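The values are calculated or read from the model by the stated rules, or taken from the named source; none is laboratory data. Worth saying up front: this structure is predicted, and the values here are computed from it rather than measured. Because the Cβ atoms are built from the backbone with ideal geometry, glycine has one as well, and the counts that use them run over all protein chains shown. Each accessible area value is taken on the protein alone, full model and side chains, heavy atoms only, with ligands, DNA and RNA left out. Shrake-Rupley method; radii C 1.70, N 1.55, O 1.52, S 1.80 Å.
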Amino acid sequence: MNGASMKYILAAIVALIQTGVLGYMIESRASMLRDGREVVLLTEPVDPRDLMRGDYVILGYPISRLAHAVIQGTPPPSDGVQTVQVALVPGENGRFVFSRASWQPIADLKPEEVVLVGYTPDSFYIGTETVPLTYGIERFYVPEGEGKPIEEGVGERRVDVVLAVTDDGMAQVRALRLDGQSLYEEPLY
């Protein structure tokens, strides 16, 4: 086999590996949307635009800031980011509400509870009354020019987000609803 043939074979192998990694990433997200447990949360207002990706709505939630007192246990040592397990239960209007939270994994989940994993920068919350949390569901990209009605609805507390939540607490936005009517649904692929 000559050098040119070997280069083509190596290029083909690299292309196959890259295709496989990309396919895995796409299927992971799609399987979460397809198979994750549905959770509905009320949103809170915030505002933005991303020059590279277009219009998006920043979504805040009542569980985005928790009082230190409601988080059970003590924060374990970390490498810069702390995780908090946040349990939710079905509430009024089909929306899920805060049930309890812990710095450690919640082992005794009730059948109606769903856990989300929240993240907070290590030591960021020291000296404050609340712990700020992010869940990876704080942005939702919309077609250009269509973010304003959503922002207004969020400001008036009329927008719900429908999540797909995996058993290990990872969440993905499945849909946005305004006054109970579907605005946007994420396609699987």
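What's the FRET efficiency of Arg139 with Thr19 using the Cβ-Cβ distance as r and R₀ = 22 Å, to the nearest 0.05? FRET efficiency, Arg139 to Thr19: 0.20. Among Asp108, Asp122, Asp35, determine the one that fluctuates most according to a GNM of the chain built with springs between C-alpha atoms less than 10 Å apart. Result for the chain, Cα springs under 10 Å: Asp108 fluctuates most. Between Ser5 and Ser28, the modelled label-to-label distance comes to 3.8 nm, taking each label 7 Å out from Cα in the direction of the beta carbon. Ranked from largest to smallest solvent-accessible area, with a 1.4 Å probe on the protein heavy atoms, Asp160, Asp79 come out as Asp79, Asp160. Ranking Arg65, Arg100 from most to least accessible surface, computed with a 1.4 Å probe over the protein chains only, gives Arg65, Arg100.
Close amide H pairs (under 5 Å, H built 1.01 Å from N) link Gln82 with Thr120, Asp122, residues at least 5 positions away or on another chain. Among the protein heavy atoms of the chain, carbon and sulfur supply 58% of the accessible surface, probe 1.4 Å, non-protein parts ignored.
The relative contact order of the chain, computed from alpha carbon pairs under 8 Å that lie at least 6 residues apart in sequence, is 28 percent. Think of a 1.4 Å ball rolled over the protein heavy atoms: the chain then has 59 Å² of accessible area per residue.
Take the chain, connect every pair of alpha-carbon atoms lying under 10 Å apart with a spring to form a Gaussian network, then pick out the residue of Leu16, Leu33, Leu163 with the largest mean-square fluctuation. Answer for the Gaussian network model of the chain: Leu16.
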